[in-house]
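Please treat every number below as a calculation from the coordinates, not as lab data. Values in this document were obtained by computation on a predicted structure and should not be read as measured data. Don't worry about glycine lacking a Cβ; one is built from the backbone with ideal geometry, like all the others, and counts go over all protein chains shown.
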């Protein structure tokens with residue numbers, strides 16, 4: 001079965017407004033530290049920081065009219081790559097040959113792979129897996145060797161802890177409002193935040209902290225020591241992805257808390273270094289950024305062979321993350337990012353066909369592909385111009 | 001056939017000189033090399049065509 005068409009699209013989904021008995025969730029107002037926080041005149045609320053981009057979708061149609069869908073980060077930049085360079089490279093080729101198609105894309109992007117290009121490739125790969133599942137009539141988790149479990153255990157990310165507990169979650173990851181230039185005063189505020197969170201969730205619940213690359217290795221260790229009494233399950237991405245030596249030093253010194261990182265690592269080559277250096281306890285590839293499902297499976301294999309667990313970034317909210325965690329034995333947990341308001345159903349922002357969390361667990365769809373049920377009329381061509389579509393030699 | 005960084009495979013020649021490859025004992029349904037290349041079966045699974053009657057319970061023999 002050949003690929004007939006590859007195109008970047010926008011999903012024109014209606015926005016569900018929170019009901020009258022809700023209040024704005026943490027995601028709308030909680031200050032979060034990220035690298036750009038060095039400059040205090042930028043707001044720290046997610047979505048408003050410089051560099052924030054929206055996601056886009058890829059639709060890949062086979063010659064019999066069956067199509068698959070996948071989404072990826074940094075949509076406006078990646079869309080030009082997909083429509084003008086990746087589409088002419090893979091159209092007309094075998095739709096099921098995901099290894100070949102990914103290899104073609106990797107090799108065509110040898111001078112700029114990673115970052116935006118790898119995020120764009122992720123969307124293409126996910127659309128290919130959705131298409132493969134539909135053509136073969138099987139859910140993706142079966143195609144990659146699952147199921148390994150009947151449901152996927154979730155941890156919730158957010159600061160609305162009472163609401164998250166009411167929803168049935170038992171594991172929680174909280175935000176970090178503290179950037180490394182804020183000194184001891186900022187560190188004290190962070191300790192208050194963590195102490196209050198531990199008091200709310202209780203002694204037995206798992207609690208994690210995510211500083212999103214806001215520290216250097218020295219401060220990360222001092223923060224970890226200060227927070228030691230609160231028994232964090234893991235300390236997530238305290239350093240930028242390029243500081244491999246810093247991660248190694250931190251992991252060796254921070255024996256009381258696991259070190260997790262990976263959402264800003266792109267592709268198996270970066271993860272191979274991370275695993276080989278024993279620089280981390282848990283890896284967290286983002287399936288929409290790191291190269292798609294094909295690449296995440298290879299990353300998983302490196303980690304699994306080294307005794308390191310893979311817990312995909314934002315895996316619980318997305319169909320690909322649900323299928324991945326359902327299938328892979330050493331991925332026993334997935335993240336549920338709470339992007340809805342307090343009191344609002346947690347499934348309100350999901351695409352049709354994507355199951356929502358219930359009592360801290362999620363059961364992936366068993367429909368063919370990833371099980372997406374997006375109405376065709378919602379799918380509209382991506383609007384961009386200027387760049388001409390490439391013309392390559394025929395397969 | 002599927003993995004891009006596996007461009008070559010070994011074909012172990014267990015037959016005498018002069019014996020045609022298609023006449024050698026092999027699993028029914030699997031392909032025979034032609035001019036140094038082999039095309040795997042496109043049938044479901046690995047494409048093996050072993051008759052059910054030819055399959056018996058392992059008898060525990062060693063060697």
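For region A:164-210, what relative contact order do you get, as a whole percent, if you take Cα pairs closer than 8 Å and at least 6 residues apart?
About 59 percent, as a whole number.
For residue B:9 and residue A:166, what is the calculated FRET efficiency with R₀ set at 56 Å and r taken between the beta-carbons, to the nearest 0.05?
The computed FRET efficiency comes out at 0.45.
How large is the convex hull of the C-alpha atoms of region A:142-362 per residue, in Å³?
For region A:142-362, the hull spanned by Cα atoms encloses 116 Å³ per residue.
Against the longest principal axis of chain A, how steep is helix A:183-201, in degrees 0 to 90 to the nearest 10, with axes from Cα atoms?
Taking Cα atoms only, the helix is inclined about 80 degrees.
In the Gaussian network model of chain A, springs joining C-alpha atoms below 10 Å, which of A:122, A:108, A:175 carries the largest mean-square fluctuation?
A:108
Note down the nm distance, to one decimal, between modelled labels 7 Å out along Cα→Cβ at residue A:41 and at residue B:42.
The modelled label-to-label distance comes out at 6.4 nm.
Could you run the Debye sum over the Cα atoms of region A:229-289, one equal point scatterer each and no solvent, and tell me log10 of I(q)/I(0) at q = 0.14, 0.18, 0.20 Å⁻¹, two decimals?
Debye intensities relative to I(0), on a log10 scale: -0.35, -0.57, -0.69.
Using the basic label-point model (7 angstrom from Cα toward the beta carbon), what is the residue B:34 to residue A:277 distance in nanometres?
Here the answer is 5.1 nm between the modelled labels.
Taking 7 Å along the Cα-to-C-beta vector as the label spot, tell me the residue B:50-residue B:62 distance in nanometres, rounded to one decimal.
2.2
Over region A:244-370, what portion of Cα pair distances is larger than 17 Å, expressed as a whole percent?
58
With springs connecting C-alpha atoms under 10 Å apart, model chain A as a Gaussian network and identify which of A:33, A:151, A:54 has the largest mean-square fluctuation.
A:54
Taking the convex hull of the alpha carbon atoms in region B:1-44, what volume per residue do you get, in Å³?
92
Taking the convex hull of the Cα atoms, report for region A:88-197 its projected area averaged over all directions, in nm².
Dividing the Cα hull surface by four gives the mean projection, 11.7 nm².
In whole angstrom, how far apart do the alpha carbon centroids of region A:3-51 and region A:220-259 sit?
For region A:3-51 versus region A:220-259, the Cα centre distance is 27 Å.
Relative contact order (percent) for chain A, with alpha-carbon contacts under 8 angstrom and 6 or more residues of separation?
It comes to 22 percent, rounded to a whole number.
How much FRET efficiency would the formula 1/(1 + (r/R0)^6) give for residue A:230 and residue A:189, where r is the Cβ-Cβ distance and R0 is 25 Å, rounded to 0.05?
Between residue A:230 and residue A:189 the formula returns 0.95.
Given springs between every Cα pair under 10 Å in a Gaussian network model of chain A, which of A:82, A:200, A:379 has the largest fluctuation?
Sorting by GNM fluctuation, first place goes to A:200.
Once you have all Cα-Cα distances for the protein assembly as shown, histogram them in 20 Å bins from zero and send the whole-percent values.
Histogramming the protein assembly as shown at 20 Å steps yields 22, 52, 21, 5, 0 percent.
Counting other C-beta atoms within 10 Å, which of A:254, B:8, A:328 has the fewest, and how do the rest follow?
Going from least to most buried by this count: B:8, A:254, A:328.
When a footprinting reagent is the concern and you count Cβ atoms within 10 Å, what order do A:275, B:34, A:363 take, fewest first?
So the ranking, lowest neighbour count to highest, is B:34, A:363, A:275.
Binning at 5 Å from 0, report for region A:342-395 what percent of all alpha-carbon pair distances ends up in each bin.
The calculated distribution, bin by bin, is 4, 12, 15, 15, 11, 12, 12, 8, 6, 3, 1, 0.
Sorted from largest down, what three extents in whole angstroms do the Cα atoms of region A:14-113 have along their principal axes?
Principal-axis extents of region A:14-113 (Cα, largest first): 49, 38, 20 Å.
Normalised by the residues of chain B, what does the relative contact order come to in percent, with Cα pairs under 8 Å and at least six apart?
Reported relative contact order: 23 percent.
Which whole number of Å³ per residue matches the convex hull of the alpha-carbon atoms in region A:1-54?
With only Cα atoms used, region A:1-54 gives 175 Å³ per residue.
Calculate the length of the line joining the C-alpha centroid of region A:351-381 to that of region A:106-139, in whole Å.
Centre-to-centre distance over Cα atoms comes out at 19 Å.
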